[in-house]
Every structure is written in C-alpha cells, then in structure tokens.
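Take a look at the structure set out below.
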Amino acid sequence: VSAPRIGVVTFPGSLDDADARRAVTEMGGEGVALWHADRDLAGVDAVILPGGFSYGDYLRCGAIAARAPIMDEVRAFADRGGPVLGICNGFQILCEAGLLPGALIRNASLRFVCEDVWLRVETSRTVITRELTPGETIQIPVKHGEGQWVATREQLEQVEADGLAVFRYSAEDGQLRDDTNPNGATNHIAGVRNAAGNVVGLMPHPEHAVDPDVGPTGGQGLFASLFESALAGTTA
Amino acid sequence: MTAFTFEVLVSLKPGLLDPQGKAVEGSLPAMGFDNVTDVRVGKHIKLTVEAPDEAAATAQVQEMATRVLSNPVIEEFEVLEVAKA
C-alpha cells in the first residue's frame with residue numbers, strides 16, 4: 001500500500017504546519033507542504049489546515065485566511081468529497097469559509113488554555129473518526145484563546161439533530177461536566193463535521209498527540225482514519 | 001465614478017460575551033467611574049469605494065459587510081455613509 005499524500009497548507013502566521021507534516025510522517029504518510037497563495041493542491045489525497053494565528057487573527061480568527069486563493073481549491077476538493085481536516089486555527093478558517101457550521105469566540109474564562117483534555121467521540125461517520133467508536137474517549141492537548149464554539153439557534157438545532165458534533169470535551173469516562181469544558185463551548189462541542197463527513201474541524205491538536213515520547217497519543221486514531229479515507233478517495 | 005466614504009460599525013450580538021467590554025468595564029470603578037454598565041467594544045472600519053452612484057456604492061458595502069467585514073453567526077453591523085468626494 002502506498003503512503004497517502006497529505007497536504008498541509010501554510011498561511012502567513014501558521015504555527016503548527018511543520019508539526020502536522022511531522023505527525024503525518026510519523027504515522028506513515030507523506031506530508032506535502034502547500035502554500036496559501038497558490039491555486040494548487042499538488043494532487044494530494046487529503047488536506048490539513050493547521051493551527052496558528054493566520055494573519056495575526058486580524059478582523060476575526062481565520063477570517064482573512066478563509067478568503068485566500070488556495071481556499072477556492074480546498075472548497076472544490078471538499079465538494080468532490082475529498083477529506084479536509086481543520087485543526088484549531090484551521091477549524092476557525094473552515095467556519096469562516098462557511099464549510100462548517102458555527103464560529104469560534106473568546107474562551108468563556110477569558111484565559112488562554114493549554115492542557116491535555118479528554119474528548120468523547122460522538123460519531124465514526126467522518127474521515128477522521130472512521131477507525132474510532134462512538135462513546136470512546138481519547139486524550140489530546142488544546143492550546144487556544146478563542147476556542148469557544150458557538151452557533152446560531154438554527155445551526156445548533158441542525159448540528160444536534162443531524163449528529164454533526166464529532167467530539168465533545170468530557171471526563172475520561174465520557175461524562176460531560178462543567179469542569180471538563182475548557183473554553184465554555186456550546187454543548188461541550190470540540191469539533192464538528194459537514195453533512196457528508198468529509199470536512200471536519202476541531203480545536204484540540206491531534207498532531208501533538210501521536211508520539212508517546214512527548215505526551216498522550218489520542219491523535220493516532222485520527223490520522224489512521226484520515227489515511228484510510230485519503231487512500232479510499234471517498235468520504236467516510 | 002465618484003468616491004464614497006463609509007464607516008462600518010461591527011458589534012458582537014447581544015448576549016454573546018464581550019471580554020474586551022468586560023475588561024474595560026472592570027477598570028472604570030478604580031478611576032472613580034462606578035456608575036457604568038453594559039460596556040461593549042466593537043470594530044470601526046472606514047473605507048472608500050469608487051462607484052458610479054451612491055446606490056451602487058452602498059449595495060457593495062452592504063455585501064462586503066455581510067460576507068467578510070462581519071461574521072453573521074456572531075456579529076451584527078451598521079453601515080454609515082460619511083462623505084462623497
């Protein structure tokens with residue numbers, strides 16, 4: 001089996017692009033560097049929008065990056081069913097681009113959070129959770145100041161009715177408690193998907209959770225799922 | 001073509017936490033201003049548009065405000081025309 005080619009887009013102010021490519025390599029894939037100003041995805045099998053502070057969070061987090069030239073290609077790739085994963089700032093970009101519902105605002109605590117959190121997997125019907133089981137919990141770090149997911153009433157109703165929440169911040173045993181919600185996200189939502197399940201965004205950082213030498217390994221299953229989706233060339 | 005100058009005022013929707021407003025409000029009592037509530041901090045965007053007429057310019061600014069200058073999920077906006085060259 002050939003290694004899946006996973007594109008990672010670098011925007012001005014991206015920070016975790018190299019980490020994302022490294023995680024892809026560590027997990028047995030090929031990380032491909034993509035550039036925000038290009039209109040070219042280099043024929044990759046999946047696209048990651050990495051974390052960071054694109055354009056210094058000017059206007060709103062992810063707002064300028066969402067209108068970058070490469071995003072036209074990402075949108076077309078997503079429309080064809082291609083797997084797209086947004087991590088942290090990448091999640092903010094996908095929401096700003098209208099590819100995912102909701103928006104990310106300042107943490108309810110008003111403080112930057114940087115810690116390992118537990119996530120309860122809500123669905124396996126996405127390109128990054130197909131190898132996981134609904135109800136299981138995984139540990140992955142968060143590090144953000146604006147990660148509180150909010151939505152309009154109509155969006156929230158649709159997200160819950162259609163099962164578009166992919167992860168919720170929980171305790172290790174899967175319970176949802178106030179003290180397991182690091183940013184005050186609505187209904188503890190840490191990540192959402194589109195209707196088809198091929199576009200997913202989450203605030204926690206799976207690329208920082210693949211190497212057992214440096215912390216939890218909850219990101220491994222997400223990359224394994226992404227690779228399988230990328231090689232299948234279809235949605236989950 | 002005429003140059004029309006606009007101001008776009010963007011604010012968080014009522015009910016959404018505004019941390020900047022909270023912080024500013026929290027600083028006021030220490031200065032003796034202990035009668036201030038409901039401080040909200042928004043964005044003020046000034047821009048000039050070249051357009052054939054005022055209606056076209058206004059329509060374009062409204063569209064830009066909806067599509068990029070504000071995020072309708074969390075914000076509302078107001079467009080004010082301030083000058084025409």
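What follows is calculated from the coordinates using simple rules that are stated; it is not laboratory data. Quick caveat: nothing in here was measured; it's all calculated off a predicted structure. Here Cβ is always computed from backbone atoms with ideal geometry, including for glycine, and neighbour counts include all displayed protein chains.
Summing Lys and Arg as +1 and Asp and Glu as -1 over all other residues whose Cβ lies under 14 Å from the Cβ of A:C114 gives a net charge of -2. Going by neighbour counts of Cβ atoms within 10 Å, the residues A:R21, A:R5, A:R39 line up, fewest first, as A:R39, A:R5, A:R21. The lysines whose alpha-carbon is closer than 21 Å to the alpha-carbon of B:K46, local same-chain residues fewer than 8 away aside, are B:K13, B:K84. Take every pair of alpha-carbon atoms less than 8 Å apart whose residues are at least six positions apart; their mean separation over the length of chain A yields a relative contact order of 22 percent.
Below 8 Å, C-alpha to C-alpha, sequence gap of six or more: please give me the relative contact order for the range A:86-196 in percent. If you can, show how the numbers build up before the last one.
Details: 221 pairs, mean separation 34.9, N = 111.
Value for the range A:86-196: 31 percent.
Of all the options A:G90, A:G102, A:G56, the one that moves most in a Gaussian network model of chain A with Cα springs shorter than 10 angstrom is A:G56. Between B:T58, B:T37, B:T66, the residue with the greatest mean-square fluctuation in the GNM of chain B (Cα pairs under 10 Å linked by springs) is B:T37.
Electrostatic tally near A:L202: other residues with Cβ closer than 12 Å to its Cβ, Lys and Arg +1, Asp and Glu -1, net 0.
Helical content of the protein assembly as shown, expressed as a calculated mean residue ellipticity at 222 nm, amounts to -6500 deg cm²/dmol (DSSP H runs of 4 or more residues, -39,500 (n - 2.57) each, divided by residue number, nearest 500). Under a Gaussian network description of chain B, with springs only between Cα atoms under 10 Å, the residue in B:V24, B:V41, B:V49 that fluctuates furthest is B:V24. Straight Cα distances below 15 angstrom link B:K43 to the aspartates and glutamates A:D57, B:E7, B:D18, B:E75, B:E76, B:E78, with same-chain residues fewer than 8 positions distant left out. Sequence-distant contacts, meaning Cα pairs under 8 Å at least 6 residues apart, place the relative contact order of the range B:1-82 at 53 percent.
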